[in-house]
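Note sheet for the following structure.
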Amino acid sequence: MRGAILYAPGDVRFEERADPKILKPTDAVIRTVATCVCGSDLWDYRGINPVEQPTPFGHEYVGIVEEIGADVATLQVGQFVVGSFFASDNTCPNCRNGYQTNCLHREFVGAEGCQAERIRIPLADGTLVATPTRPAAEHIASLLACSDVMGTGWYAAVAAQVQRGDTVAVVGDGAVGLCAVIAAKEVGAERVIAMSRHASRQELARGFGATDIVAERGEEGAARIKELTGGIGADRVLECVGNSESMRQALHSTRPGGNIGFVGVPHDVGIDGQELFFSHVALRGGPAPVREFLPDLIDMVLSGRIDPGRVFDLELPLAEVAEGYKAMDERRAIKTLLRP
């Protein structure tokens, strides 16, 4: 079997790796139909997160079940499945409360690298969701998006408690931010303001339901949001980047009594306690419990209600994974889809 291995910043290789095997009776092994490069992978690719040894990479996937462990009860060999980046049993108290990424028995699926031809999935019954039938080719990209970026964008809206009729601002125009636009619109926001400086991403945001575009960043961006909202700020802000500037921009764009849903993996983010205290803004975020939303998201994709696969603007053979990373790093691509 072959897969992607990150050796050092900027050094991704497609190499032979050991075939995945059933290690526990709750495991499954799937043959990858599609995988992709995530914006969060770029933290390691750029050397912002340390890379201390050759590391298999990737955590987004859809595929066909090839093997199941003796205790797997809800899946069958041959089914097409979508899964989350965290394995969960989906039965513990945290899972039942809707936070499968905090499952008491969670495992990071990406630990063995999903940018590969085959993948071992721990806790398969609680992690994987099978589609009713083998999906049509045109749905593959959108189902793949559900394994992370669409689920994460959806959680941003849920965490911010977006309500029907709200004005929502989205900070970040990567794949998660664009999917957050879809989510805000689907949940019922009346006005969705996408913050983006890039024409192609602005166009996609409008196609997903954005009513307004703000190209300014930082304090200028926050001031523009307030200008568009009568000097008050947005009801809900979805922070989809994860750095200090984006969080400040989100906080300063939110009205008193409003909410921020933050789903960008934080890097050097600090919030002044006094400022937060007097802002009357509520914060909720974290790693998205994608498994909670997968059944509904899959239904929305298969019914044609949403099409998040449009965030993939570059498709390559898995063997060319290094170019997929490079294109995203250089902002020549929003998100790269890889097919074995």
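Quick notes on this structure:
- Residue among 176, 29, 149 with the largest mean-square fluctuation in a Gaussian network model of the chain, springs linking Cα atoms under 10 Å: 29
- Which of 208, 277 is most accessible, then next, and so on - probe 1.4 Å: 277, 208
- In order along segment 305-312, phi translates into HN-Hα couplings of 6, 10, 9, x, x, 5, 5, 7 Hz, rounded to whole numbers, per the Karplus curve 6.51 cos²θ - 1.76 cosθ + 1.60 with θ = phi - 60° and x for Gly and Pro.
- Straight-line cross-link reach from residue 185 at under 21 Å between alpha-carbon atoms covers these lysines, not counting any fewer than eight positions away in the same chain: 226.
- Under Karplus coefficients 6.51, -1.76 and 1.60, residue-wise ³J(HN,Hα) of segment 215-230 in Hz, glycine/proline x: 8, 6, 10, x, 5, 5, x, 5, 5, 5, 4, 5, 4, 6, 10, x
- With all protein chains modelled, accessible area of residue 128 [1.4 Å, Å²]: 10 Å²
- Phi-derived couplings, Karplus 6.51 cos²θ - 1.76 cosθ + 1.60 at θ = phi - 60°, listed residue by residue for segment 238-243: 10, 9, 10, 10, x, 10 Hz, with x used for Gly and Pro.
- The trypsin sites (Lys or Arg not before Pro) found in segment 145-230 that occupy coil by DSSP, while having at most 15 further C-beta atoms within 10 Å, are 164, 197.
- For residue 283, the residues 5 or more places off, or on other chains, whose built amide H falls under 5 Å of its own are 260.
- Kirkwood Rh and Cα Rg combined as Rg over Rh, evaluated for the chain: 0.97
- Neighbour-limited loop hits for GluC sites (Glu not before Pro), segment 1-65 (at most 16 other Cβ within 10 Å; DSSP other than H, G, I, E, B): 52
- Close amide H pairs (under 5 Å, H built 1.01 Å from N) link residue 195 with 170, 172, 214, residues at least 5 positions away or on another chain.
- Segment 100-123 versus segment 192-211: alpha-carbon centroid distance in Å: 32 Å
- In summary, the lysines within cross-link reach of residue 326, defined as a Cα separation below 29 angstrom excluding same-chain residues under 8 places away, comprise 335.
- Summary of the geometry: segment 279-340 and segment 1-32, compared by the centres of their Cα atoms, lie 20 Å apart.
- Remark on residue 336: its backbone amide H falls under 5 Å from those of 37, a criterion applied only to residues 5 or more positions apart or on other chains, H modelled at 1.01 Å from N.
- Within the assembled protein chains, the solvent-accessible surface assigned to residue 280 is about 130 Å², based on a 1.4 Å probe.
- Accessible-area composition of the chain, carbon plus sulfur, in percent [1.4 Å probe]: 48 percent
- Per residue accessible area in Å² of the chain, where ligands, DNA and RNA are left out and the probe is 1.4 Å: 41 Å²
- Between 151, 113, 47, the GNM of the chain built on Cα springs shorter than 10 angstrom shows 47 fluctuating the most.
- In segment 293-326, the trypsin sites (Lys or Arg not before Pro) that fall in loop regions by DSSP, at most 12 other Cβ within 10 Å: 305
- Computed helical MRE - 222 nm, the chain, DSSP H runs ≥ 4 contributing -39500 (n - 2.57), nearest 500: -8500 deg cm²/dmol
- Cα long-axis angle, helix 175-187 against the chain (0 to 90 degrees, to the nearest 10): 70 degrees
The values are calculated or read from the model by the stated rules, or taken from the named source; none is laboratory data. Everything numeric here is computed off the predicted structure, so don't read it as measured data. FYI the Cβ positions are ideal-geometry reconstructions off the backbone, even for glycines, and counts take in every protein chain you see. We work out accessible area using only protein heavy atoms, side chains counted, and drop any ligands, DNA or RNA first. Shrake-Rupley method; radii C 1.70, N 1.55, O 1.52, S 1.80 Å.
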